[in-house]
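Bear in mind that the values in this text are calculations on the coordinates, not laboratory data. Treat the numbers as computed from the prediction; the structure is a model and nothing was measured. In this analysis, Cβ positions are derived from the backbone assuming ideal geometry, glycine residues included, and neighbour counts consider all displayed protein chains.
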Amino acid sequence: MFLNLKKMLAQSFGINFKSTNSTLMPASLEACNSLLCATLDSTADGILVVDTKGKIISYNNTFVEMWGISRVILDAQHDNQLLEVVQQQLKQPEEFIKKVKQLYDQPDIESYDDLELKDGRYIERYSRPQRIEGKSVGRAFSFRDITQRKKAEIALQQAHDQLEITIEQRTQELLQANSQLSQEIIERKKVEIALEQAKAELETKVQERTTALSSAIAQLQQQITERLDAQAELEQSLSLLRATLESTTDGIIVVDLLGKVRSFNQKLIEMWCIPESLILSPDDEQTLAFALDPLKNAQKFLSLVTELSEQPNLHSYDLLELNDGRIFEYYSQPQHLKEEIIGRVWSFRDVTERYLAEQALQQTKAELEIRVQERTASLENAIAQLQSEMAERQRTESQLYRSKERFRNLVETISDWVWETDENYRYTYCSPQIYNILGYQPEQVIGKTLFDSMTAQEVWRVANLFSFITENQQPFKNIETTKIHQDGHPVVLERSAVPIFDCDGNFCGYRGIDREITERKQAEGMLRQQALAFENIYDGIIITDNEGHIIDWNPSAERMFGYTKEEVLGKSTEFLHTPEEAAVINQEIVETVQHYGRWTGEIKFIGKNGTTGVCETVFVPVYNDASDQIAVVGVNHDITERKQAEVEMLKALSKEKELNQLKSRFISMASHDFRTPLSAILISSDLLKAYSHKLTEAKKVGHLNQIQASVRRMTLLLDDILWMGKAASGKIDFKPQKVNLEELCQEVLDEIAIADCNKHQFIYKFQAESSLVEMDRKLIQQMLSNLLSNAVKYSPQEGDIKINITCKDGTAIFQVADSGIGIPSSDQARLFDGFQRASNVGNISGTGLGLAIVKNVVDLHRGTIQIDSTEGVRTTITICLPIMYSKDTTK
């Protein structure tokens, strides 16, 4: 009887749905709410919806205007003040409150009654429970102003009663006149008998009787004239009653207690299409049978007629559903003559449009509630996912902050001086340790060059040493320089640094660290004279002969490497390194010490317990008085923790850079792709709100379609983002199950076609021995949706989109070909990466996530994907997925 939402969509877009299981595009909450509000405000009845506790859920403008209630009271959502305002307007407020309490106590009953207001209005109230899945969740009240109808009924009843009284009075008068006339005739007969007996007496009295008789005749004639006048008045009243009956929009019929038709109006004949000859026929059974024939539930109505005939004092109200789809509202009440019931009056009203509107409203409301629940669940899942991702980001940011803080603490607490310079070698950063090393505060050094606080001879030496390194922007290690302390004494520093480049690869300066080695230099000189001094040095000192065998090492070396002196004496230092590193280190050290008298560098070592570390080492030769080299002293400073801190710092900086790039890319993309559909929704909703009464139905449907398409676009974008987040964290569930692939593909195609609004031509073919396969339904739906959305997005209007799906030899082949802009060959290799788009997309909106999601789905199914694209012509994507046919081949 009614069009459901699916059929409405089908009529609007011209789409054929193959089965009742086809999945429709989720409706927008705002669109459905706007449609519901427009429907409520368009009805002539006042509508009020409350929950089971009396809380006001919804109302329309007609209800506000009908009762003159302030919206402040209604928006407060409590019915206490509302009931007080209504009671003040009623003639019988006690009965009204009693009825309201009964409805709240019995939430499953329906109610119909009339309310009489103090201002003379009559309002018809109809109440029915509001149910969801059979459970009562509230109550809807419908109020209709029936003042005119009620006044007409009252006037009609008063006229009818007055007419009955007049008829009764005239009848009594006529009976009295007839009785008097009969008495006079008897008297006349007596007179005639008396005349026979006494003619003489008769002759004397004839004249008197003749006179009296003339007077009685005149009086009788007057009474007859009055009776004729009363009859004319009665006929006039009946004519007025007939005109009233014929002018009403309700079909009315009057029957006596035996069911015989006494009166009816033309509207009844038009509504029931009953021949007038039949309704006036003395055969009441035939007339009743003709009236029952068009009813869907004739037996129920016949039972009602029988019940009312047996109990003539009953009132009855209900709806009748006809076979031709019409809905009649009937009201039956007894006909009274004074206190006596003499028949029954039936009134029928065609309420088909109102009933259809109420049914459509209920259906729309039910569908809206279902979609609200579905969207609420979806949004709750999305919010939970976003909260999880935000928590993960916060943990990452917290770790990054701790890494920064750890690096800062490390820089400010280590004994070395950390610095940075610009491309002109002027200091841009100095750690606080410069004060302990050179006696200067960091701000005193910022802006000065590397060569300040040096003697002229030292400047010349260092400049020559740095010339080649800095010209080639190379890193350097352990270069010794001498600076002058603020109090005037020299300070020997060991300098290491790496070049700094910006994101474009431009040289920005150096970042380095200076270690004061003044004491170490002095110690090296003293070692040549007094070897025992190395016992108190913090750094690990190893003394070897010219062949590299250990002849001594200090307690710090024991602590650093884990071996006691007794365990290592006489052994080669090769056991502290891997064989490959040992050969390279020994050769390099021997050659460097022989030629330059010193070797400085970083060496990886292996401790006794297998742990690895890094030490900063200086090797210097030891000479005898004859200037012959007799030994080599190695000073080892453990920098394992520093190197680990540097690695963590670099990782943290890299992670921060990556997060910032992803954040910028996501914010840019999301702000654009969410702003466009939100603008469309806002414009369409504003137009519907402001000009709903002026717009045609076609234009309203167009705006609603625009809102739904925009909501779907935002939903798909949010789903894609959540998908990529799950894929990155490995949380995608892969659950293959038995799926009817043909129906699934048709559902996805129907959704895309509805959103496309017939802008493209879809050519769809499905070939398979059996359409039942084992795949993950949600993943396949996600894959097809992204493929078809891309094909629609990048194809011109009225272009062809071909979809061929074939299942054979245990493989499902999905092939989607568009007629769009194509993909440049240089871009095809990276299109499966997230946020990557072709260089020729221009102003076409998109996130670059579609093919990345498709690739993830293909990988989860262990399939293959191939792109065949010609720029400016078309793109064909072919996907092959392994399948398992189900034994059940029924579709």
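For residue 151, the aspartates and glutamates whose Cα comes closer than 20 Å to its Cα, not counting residues fewer than 8 places off in the same chain, are 45, 113, 114, 116, 119, 124, 161, 164, 246, 250, 329.
The distance between label points at residue 99 and residue 441 comes to 8.9 nm (points 7 Å beyond Cα on the Cα→Cβ vector). Modelled label positions at residue 459 and residue 300, each set 7 Å beyond Cα in the direction of Cβ, lie 11.0 nm from each other.
How much length, in nm to one decimal, is gained on full extension between residue 769 and residue 119, taken as 0.36 nm per residue of separation minus their Cα-Cα distance? Don't skip to the answer; put the middle values down first.
Working: separation 650, 0.36 × 650 = 234.00 nm, distance 7.64 nm.
Additional length available on full extension: 226.4 nm.
Return the FRET efficiency for the residue pair residue 571, residue 477: r is the Cβ-Cβ distance, R0 is 41 Å, and the value is rounded to the nearest 0.05. Result of the calculation: an efficiency of 0.90. Students often get this wrong, so check it: of 260/296; 135/296; 101/260; 98/150, which have C-alpha atoms separated by over 30 Å? Beyond 30 Å between Cα atoms: 101/260. Which residues in the stretch 55-71 place their backbone N less than 16 Å from a point set 7 Å from the Cα of residue 132 along the Cα-to-Cβ direction? Within reach of a label on residue 132, which here means backbone N under 16 Å from a point 7 Å along Cα→Cβ, the stretch 55-71 contributes 55-58.
According to the calculation over all Cα-Cα pairs in the stretch 414-516, the P(r) per 10 Å bin from zero is 15, 52, 28, 4, 0 %. At a Förster distance of 60 Å, what's the computed FRET efficiency of residue 92 paired with residue 277, Cβ-Cβ distance as r, to 0.05? That gives a FRET efficiency of 0.80. Annotation: extensible slack from residue 219 through residue 158 equals 18.8 nm (criterion: 0.36 nm per residue apart, minus Cα-Cα distance). Put in line by how crowded their Cβ is, counting other Cβ atoms within 10 Å and starting with the fewest, 549, 703 read 549, 703.
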